[in-house]
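Scroll down for the structure; my scribbles are underneath it.
We did not get these values from a lab; they are worked out from the coordinates using the rules stated. For clarity, every value in this text was computed on a predicted model and none was experimentally measured. Ideal geometry is used to build each Cβ from the backbone, glycine not excepted, and the neighbour counts take in all protein chains shown.
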Amino acid sequence: MKRLHEMPFGAACAEDGSVRFRLWAPAAQSVELCLEGSNSTPALNRLDGGWFELTTRDAGPGALYSFRVDGRQQVPDPASRFQPKDVHGASEVVAPGSFDWRDGAWCGRRWEEAVIYEFHVGAFTAEGTFSSAIERLDHLADLGITAVEMMPVSDFSGRRNWGYDGVLPFAPDSSYGRPEDLKQFVQSAHQLGLMVFLDVVYNHFGPEGNYLGAYAPQFFTDRHHTPWGNAVNFDGPDSRAVRDFVIHNALYWLTEYHFDGLRLDAVHAIADDSTPHILTELAETVRSEIHSDRYVHLILENDRNQARDLRRGLNCKPVTYTAQWNDDIHHALHVLVTGERDGYYLDYGKRPLDQLGRCLVEGFSYQGEASAFRNGELRGESAEGLPLTAFVSFLQNHDQIGNRAFGERIISLSDKRAVRAAMAILLLAPSPPMIFMGEEFGSQQPFLFFCDFKGNLADAVTNGRRNEFARFAQFNDPGERDRIPDPNAISTFERSKVDWDKATEPGHQEWLAFYRRLIHLRYQYVVPRISAGCALAASYLVSPDQVLRAEWTFADESQLTLIANLSHKTAADVNFLESPSIYSTEENTTNILRGRSLPAWSVAWFLQS
């Protein structure tokens, strides 16, 4: 089976052996094609709307090319499918039809079955490649994972990066392997029953290797500003080409690479005053163009908690977006487990158990309330009518670990019993859970912020990273800030790689057994019930001695009940259910029920059919 996404830009191989090159360069007077190994530099024909195009038989699959703009600057193709020599080098003509797909029967999995595993390709294995990552898929399938989510892979400057500094969004970074290697990873995952999601970045381009401003300044606008400077132009003059570029990128990954879904990074930083909003148009286009026999899931990261993007239609089917990462549930749990209340945890410091309860039964904690961290700004929208499957829960992810000065994981910051109790809640609650690479075996290895810039940019990134923490008392002293690992040092990257040898050690094997057991209990008791539709009645109560009780009643009238003590003290006179528990963090559940007490950091789950 062959898979190809046709685009109105870039290099496209035709059946007659020719290649069509097309570039949007509205600020250019002329564009020439530069083929490596050729002395000829044919001019692209100028078309209406700032487009330049040339079809030639002098290039074919594997040819390296670039564009010379106005006889001066040589630039890579912004729609390059591969950059073998990094962001400043020539682009490679890729023939998508050369890869033989053998997963034609794969149509994805229902969202209700999702248990997500987030990972960074470069840090996931010692080799840090797509091919080496395939070797770990059996481990994930055995664990019970049903979806793997890659941090961004689009081409970035240097050999290592989190991926959010990508500048060529159609080209998998060459440090991870070739396009065929990524396709083989996706295919191998599908053969094991695993969905594959890709993290994509549409809110900005990285600081190194972005040439768009030289020949298409209309790609950006100073009418909106972002943390990275001028915004991507989604609503001003000439924005149609920009919107098409992003929409085709989403379709490209979902069709040509057969990804099962996309996670859109920080969409609150996307500025668009037009109608429809770029996010709406993107989702509606995906829903209309991807075959209806496929399950395709679109996931948001949105600090604004805009419930409107998660609305459901007939049979509880997402109208636009499937789900959103729920920072609220992470923050509430983090405060409970660690006691930290700095920074954005300020909003969760006074009543974290109540906020956790609201997240468990409604989705968001902030649904229009004032945020102290945001100087009283109202945050969020009502989540009424949304299923709990629209909210992805987690205790760790790349941001919540890597944005700490020393990249500590939660297990290094708190009582292990507390971490176990928190995960016993997330893995069995109705919302789909997500874990971060290595978490499943209790890895204490840091995940640090890393990149590979050079010169002044490297210095600026290193100093900027360290100065971000100057407002914390611990880092008031410049000498203390200098202890923060240099993002550009290769040692910072190497320290962030998962140490798989640890997973075989006895203590880590216990964590692995814990995660495996909870995930399999989820499939046994929870997934069949949340798959029955949107209908779900839920409520929670926090007792005077700070015991959380949450209940969910499903369409079949069965009731799932959580009773949790997320504190350092034993809770007495707890009103347990008479029905047998399906899981408890305490080995002897009978004694707990009989004694009506709940030890510190303990959780019990009950199911009444």
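For segment 269-401, pairs of C-alpha atoms spaced more than 23 angstrom apart make up 37 percent of the total. Full extension of the segment from Ala105 to Asp142, taken as 0.36 nm per residue of separation minus the current Cα-Cα distance, would add 11.2 nm. Projected label points at Glu557 and Phe406, each 7 Å from Cα along the beta carbon direction, are separated by 5.6 nanometres.
For segment 10-98, the ratio of Cα radius of gyration to the globular rule of thumb 2.2 N^0.38 Å stands at 1.00. Seen against the Cα atoms of the chain and their longest principal axis, helix 352-362 is set at about 70 degrees. Applying a 4.7 Å Cβ-Cβ cutoff to the chain, the cysteines left without a disulfide-compatible partner are Cys13, Cys34, Cys107, Cys359, Cys451. Counted residue by residue at 0.36 nm each, then reduced by the alpha carbon distance between them, the extension gain from Asn375 to His520 reaches 47.9 nm. Between Ser609 and Asp238, the simple label model (points 7 Å from Cα in the Cβ direction) yields a spacing of 6.5 nm. Count charges around Leu457 for me, please; just the other residues with Cβ under 14 Å from its Cβ, Lys/Arg as +1, Asp/Glu as -1. Residues near Leu457 contribute -3 overall. In the chain, the longest principal axis of the Cα atoms and the axis of helix 179-191 are about 30 degrees apart. In this structure, the amide hydrogen of Ala147, modeled 1.01 Å from its nitrogen in the peptide plane, lies closer than 5 angstrom to those of Val115, Tyr117, Met195, counting only residues at least 5 positions away or on a different chain. Converting phi to 3J(HN,Hα) with the Karplus coefficients 6.51, -1.76 and 1.60 and the offset θ = phi - 60°, segment 377-387 yields 4, 6, 10, x, 10, 4, 9, 4, x, 8, x Hz in sequence order, with x at every glycine or proline.
When peptides 347-357, 276-286, 508-518 are ranked by their average number of other Cβ atoms within 10 Å per residue, the highest-first order is 347-357, 276-286, 508-518.
May I ask which of Lys85/Lys183; Lys350/Lys416; Lys416/Lys502; Lys2/Lys454; Lys317/Lys416; Lys85/Lys502 have a Cα-Cα span longer than 28 Å here?
Those over the limit are Lys2/Lys454; Lys317/Lys416; Lys85/Lys502.
Multiplying the residue separation of His225 and Ser40 by 0.36 nm and subtracting their alpha-carbon distance yields 62.4 nm. Summing +1 for each Lys or Arg and -1 for each Asp or Glu among the other residues whose beta-carbon sits under 11 angstrom from that of Tyr65 gives -4. Spin-label model, Glu135/Ala473: points 7 Å from Cα along the beta carbon direction are separated by 4.7 nm.
Converting phi to 3J(HN,Hα) with the Karplus coefficients 6.51, -1.76 and 1.60 and the offset θ = phi - 60°, segment 119-130 yields 8, 9, 4, x, 9, 6, 9, 4, 6, x, 10, 4 Hz in sequence order, with x at every glycine or proline. Highest-first packing order for the peptide set 293-302, 250-259, 458-467 is 250-259, 293-302, 458-467, based on the mean count of other beta carbon atoms within 10 Å.
For segment 108-148, the residues whose amide N sits under 17 Å from a probe point set 7 Å from the Cα of Asp499 along the beta carbon direction are 123-127. Near the amide H of Thr55, within less than 5 Å, lie the amide hydrogens of Phe21, all on another chain or at least 5 residues away, with H placed in the peptide plane.
Against the main long axis of the alpha-carbon atoms of the chain, helix 327-338 sits at an angle near 50°.
Scalar couplings 3J(HN,Hα) for segment 151-162, obtained by applying the Karplus form with A = 6.51, B = -1.76, C = 1.60 to θ = phi - 60°, are 4, x, 10, 4, 4, 10, 6, x, 9, 8, 5, 4 Hz; x denotes Gly and Pro.
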